[in-house]
There are 2 protein chains.
Amino acid sequence: MEKLIHHSDLDRFVYNVFLSMGCTENHARQATKTLLDADLRGIDSHGVARLSGYIRLWEVNRINTQPNIQVIHETPSTAVVDGGSGLGLVVAPHAMSVAVDKAKSVGTGWVSVCNSNHFGIAASHAMIALEEDMIGMVMTNASALVAPTFSKERMLGTNPICVAVPAGEEPAFIADLATTTAANGKLEILQRKGADAPLGWMQDQEGHPIQDAHALKNGGALLPLGGDREHGSHKGYALGSIVDIFSGVLSGANFGPWVPPFPAYVPMPDNQPGKGIGHFFGAMRIDAFRTKEAFKRDMDLWIRRFRESVPIDQEQKVLIPGDPERACQAEREKNGIPIVDAVWTDLQSIAQKFSIKL
Amino acid sequence: MEKLIHHSDLDRFVYNVFLSMGCTENHARQATKTLLDADLRGIDSHGVARLSGYIRLWEVNRINTQPNIQVIHETPSTAVVDGGSGLGLVVAPHAMSVAVDKAKSVGTGWVSVCNSNHFGIAASHAMIALEEDMIGMVMTNASALVAPTFSKERMLGTNPICVAVPAGEEPAFIADLATTTAANGKLEILQRKGADAPLGWMQDQEGHPIQDAHALKNGGALLPLGGDREHGSHKGYALGSIVDIFSGVLSGANFGPWVPPFPAYVPMPDNQPGKGIGHFFGAMRIDAFRTKEAFKRDMDLWIRRFRESVPIDQEQKVLIPGDPERACQAEREKNGIPIVDAVWTDLQSIAQKFSIKL
C-alpha cells in the first residue's frame, strides 16, 4: 500500500525537519532538494525513506548540522574539503561548487572530500555542473557491503559513479550507477515483495551464490558489477576500488572496511585510518576543450544516433542514460510521489518528534 | 604451438620495423615500448600480434608515421591534441606528457585527443603518470563491436578505462578494463581453442544470447559489462558511453558507430562527424590533494588490507588490480614471450617485407 504525496508538500515537511535539526535555511534547502531529487527521479531508497536515518545519526552526534566546511589543501585545479562531519546532503553541493569555481578559473576542478556523511543521490550533485555548461563527475564511498572477487569478506560500499554531460537541444546525458550488479534499492523492492534475487547479485557468508533477498542480514555480500569472475566481476571490483581511492584515500577519509555505517546503531569500525566518509567531485568546462556550439551539436548527434539504434524488440527502444529518471520525474511532478506505508509511518513519527505538520 | 622469444629480441625487431615505416627513432622507441608492454603484461591481443595490422593501415595511408601532433585548444588544466593521423602508440604518450605537464603546473591535466589511431594497451600510457607521483587515467574509443542494452546494432567499441595509482612500498594499483563483459582478446583465445564462450558475453545479429566464439563475424555483438539488463548491462553501456563522449565528442574525433575500424580492409563508415579515433588522458598530482607521504602510507594500507580479505578459497587469495599483469611480466621477462604460430608466420612476412632479421 502506498500514498501519493505532492512533492511540494513533502518538500515543506522535510525542509522544516532540517530546520528543527539546527540547519541554516540555506543548508536545509540544499538537503531537502537532494532528498526530493531522489524521490522525484525514482530512487526511492535515497529519498525521504532515509530521513529518519539521518536524524538518528544526528541524535548520536555523528552528524553536525552546523558544520565548519572548509578547504584544507588546494591548487588551482584541486582541493580537499573537510566536511566538518556535516550532512553529506550539504557538504556535497558545497564541494561541487568549489569544483565549479576552479573549472571557471583553470578549465577543470577536482575536489576530494573527507569527514562527511551519506550524500543522497550522486546525480543531484553532478547536475549542478550542467547549469554552467560543464561536465559533472561525482563519486562516493560507503560502508562495506560488497565482496571483491575471490573474497568472502565485505570490503567496499556500493560506491557509485555519476557523470552528467550537457547537450544542446537534447536533454542531458546523466549516468548514475552503483558499481555493483544491483543497487541496494533494488534488493529492498524484492524484500518487500518477498521475492528472490537473480543469481549474480549476492553471495552468502561463505561466498557461495545465493538468491535470498535478505542474505545481507546473514553475513552475505553484494557482488561487484559483472557478478562472477567469468562475467567480469573483477572489473566491477576495480571500479568500486577506484571510487574508494579517489573518495577516501585521496582526501584522508576512511576507506574499504573502515567507512562508517549508515545505521546509527551499528558501531563504528575499529582503528579507522581517516575521518568520516569520502566523496570525489569533478567539473570540466566544455569550452576548455571545444566551443560549446561544436560540442553540443555533436552531443545532440550522439544522443539521437544512439536513440535510433535498431532495437531488439520494437516495443523497447534503446535508452540514453538519464531517460528513465527523467520520465519518472515528469510523472511524479504531475501525479505525486508514492510513499509506501512503512515510510509513511516513519514520517509520522518524525512529524510527532519535531511537532511539524505532515 | 608457440615459440618463446626473449623480449629484447622482439623489441629490436619491432623497433626496426617502425623505423622502416618512416618513424623517427624517438617515435619508433615509444611505439615499440607500448607493443612490448602488452606482450610482457600478458595482453597478447594488443602486442606484436597487431603489428601487421598497423602496417596495413600505414600502407593504405590511414596512419601517418611522420605526424604533426599538436595542441589545438587549451586552458591551464586542459588541452585538445590533434594526433595528425599518427600511430596511436606515439600520439598517446605525447598526449599523456601534455597532461603531466599541466598537472605539474596547476595540479591536474586533462587531454582529449582527436585524429588518432589504435593506441595499444591503455595501461602503458597511464603508467607514465606513476613516475611523477601522479594518478594516471586513460580512455579510448574504438570501432563499434558492442550493442547497448536493448540494441541489436553495434554502437560502441570495447572502450577501456585505465586508472593507475602510485603506492609507497607496495606496487602500484593498475586497473585496465574493457567496459564489456569480456575483452576481445579473451574471445580470440576461445576461437583458437574452438571452444564456446559463456552466456552473457555476446548476442547474435538478432540480439539473442549466443555462445559461438565466432559470432562477431556473423553480425553478432559483444555485450556491455553486466551482460544482460537484470545483471546491470545498462551500467556497462553507460560506462562505455562515457568513454566514447570523453574521447570522441570532447575532442572532435569520431564516436559511436563512426569510429574507424582497425582492419585496413574494412571501409570507413559514411558521414563521419569527426577526425580519426579519440582518446582521453588525465594526470592528477598526488600532492595536489595530500602530502605524498600521507597518501602513500594510506594507499599501502589500502592494498595490504584488501590483499588480506578473507578468501572464499584458501588457494586463491584476493588480488589487487594489476597483480596478474605484474606476475606475468616478471615471468615473461625471465622466460620469454610466447608467440603462437599464426603470429610467428605474420612476423616472418613482416621481416621479409622490410628485409629485417627476425
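Here are a few things to note about the model shown:
- Test for A:K357: is it farther than 30 Å from B:R304 by Cβ, touching a Phe, Trp or Tyr at 6+ places or on another chain (Cβ under 9 Å), more than 12 Å from chain B (Cβ to nearest Cβ) and not aliphatic (A, V, I, L, M): yes
- If the condition is being small (G, A, S) and surrounded by fewer than 17 Cβ atoms within 10 Å (Cβ to Cβ), then segment A:257-300 contributes only A:A294.
- In this entry, B:P267 is excluded by the filter for residues that are under 21 Å from B:V138 (Cα atoms), in a loop (DSSP other than H, G, I, E, B) and out of contact with any helix residue (DSSP H, G or I) (no Cβ under 8 Å at 6 or more places or on another chain).
- Residue under evaluation B:T75, criteria (1) without any contact (Cβ under 8 Å) to a residue 12 or more places away in the chain; (2) within 22 Å of the chain's Cα centre (by Cα), criterion not met: (2)
- Per the conditions (1) facing chain B (nearest Cβ under 8 Å); (2) outside any loop (DSSP other than H, G, I, E, B), the sole criterion not satisfied by A:G207 is (2).
- Filter result for the condition that a residue is within 14 Å of chain B (Cβ to nearest Cβ) and surrounded by fewer than 20 Cβ atoms within 10 Å (Cβ to Cβ), over A:V71, A:V81, A:V113: A:V71
- Members of segment B:134-157 found to be closer than 20 Å to B:A92 by Cα and buried (at least 24 other Cβ atoms within 10 Å of the Cβ), listed by number: B:M134, B:I135, B:G136, B:M137, B:V138, B:M139, B:T140, B:N141, B:A142, B:G157
- Residues being assigned to a loop (DSSP other than H, G, I, E, B) and either under 22 Å from A:A142 (Cα atoms) or without any contact (Cβ under 8 Å) to a residue 60 or more places away in the chain (or both) - total across segment A:78-116: 5
- Counting only residues that are more than 7 Å from chain A (Cβ to nearest Cβ) and polar (S, T, N, Q), segment B:225-250 holds 2 of them.
Every residue, every condition in (1) of a type in the set (D, E); (2) within 12 Å of another protein chain (Cβ to nearest Cβ); (3) in a loop (DSSP other than H, G, I, E, B), yes or no:
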residue	(1), (2), (3)
B:H118	no, no, yes
B:M127	no, no, no
B:A144	no, yes, yes
B:R154	no, yes, yes
B:A167	no, yes, yes
B:K186	no, yes, no
B:R192	no, no, no
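Residues checked against (1) under 30 Å from B:G168 (Cα atoms); (2) β-branched (V, I, T); (3) at pLDDT below 95:
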position	(1), (2), (3)
B:I72	no, yes, no
B:V80	no, yes, no
B:V90	yes, yes, no
B:H94	yes, no, no
B:V100	yes, yes, no
B:V106	yes, yes, no
B:A129	yes, no, no
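- Qualifying residue in segment B:285-297 (condition: at pLDDT 95 or above, farther than 16 Å from B:S116 by Cα and either in contact with a His (Cβ under 6 Å, 6 or more places away or on another chain) or among the polar types (S, T, N, Q) (or both)): yes
- When B:V318, B:V310 are checked against the criterion of being farther than 22 Å from B:E131 by Cβ, among the β-branched types (V, I, T) and surrounded by fewer than 21 Cβ atoms within 10 Å (Cβ to Cβ), B:V310 stands alone in meeting it.
- Residues in segment B:295-316 that are of a type outside the set (D, E) and more than 7 Å from every other protein chain (Cβ to nearest Cβ): B:K296, B:R297, B:I303, B:R304, B:R307, B:Q314.
The values are calculated or read from the model by the stated rules, or taken from the named source; none is laboratory data. A quick note: this is a predicted structure, and the numbers were derived from the prediction, not measured. Glycine also receives a Cβ, built like all others from the backbone with ideal geometry; neighbour counts cover every protein chain displayed.
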